[in-house]
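Remarks on the structure that follows.
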Amino acid sequence: MAQDPKDQTDAADDAMPELENQDGPKLNRGEKKCRKALVKIGMKSFAGVTRVTLRKRDGLIFVVNDPEVLRSDDGKSFAVFGELKLEDPNMRMQQAEAKKFAEGQLASAQAAAASSTKKEETKTAGGDAPLSEEGINPDFIPLVMEHTQCTRNEAI
């Protein structure tokens, strides 16, 4: 029995077309069928999308990194394929706060180092005569010296 050439072309049309630039994981059967159906209804690949985020009312954020996006002809409908991950906005804020805190600690350490080098320069350059303590409570001078770690003349 000979096959009709028309049957051979239908079989070729029913086969899954090769997807371009697919170096990622193997697609499962359901995903292949879904993509094929979407392509049949006229959706086309939409390049240039690196991240898709979906935000729910309760604050949850769903993220798809490096998705494959299909767009309808009218541009109103999209289909997104990729690995869906849950992103916690509270964790993101905590990481940002920790980064700010670490930068603040670094800046304060640098400022302390700069002020200590200034103090050393004034001590080595110094030999200044004691300043007048007129109008200042003498008990405050050691207190200021202790808190700011400066010389007596600087405290006065």
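Throughout, read-outs are computed from the coordinates displayed, never taken from laboratory work. The structure displayed is predicted, hence computed values, not measured ones. Ideal geometry is used to build each Cβ from the backbone, glycine not excepted, and the neighbour counts take in all protein chains shown.
For the pair Thr148 and Lys33 in one chain, pulling the backbone fully straight at 0.36 nm per residue adds 34.1 nm over the alpha carbon distance. When Arg29, Arg57 are arranged by Cβ crowding within 10 Å, least crowded first, meaning fewest neighbours, the order is Arg57, Arg29. So which of Lys32/Lys85; Lys44/Lys100; Lys76/Lys100 end up more than 32 Å apart, counting from Cα to Cα? Pairs exceeding 32 Å: Lys44/Lys100; Lys76/Lys100. If you wrap the tightest convex hull around every Cα atom of the range 27-89 and split its volume per residue, you get 100 Å³.
Each residue of the range 103-110 was assigned a 3J(HN,Hα) from its phi angle through the Karplus expression (A = 6.51, B = -1.76, C = 1.60, θ = phi - 60°), giving 5, x, 5, 5, 5, 5, 5, 5 Hz with x at Gly and Pro.
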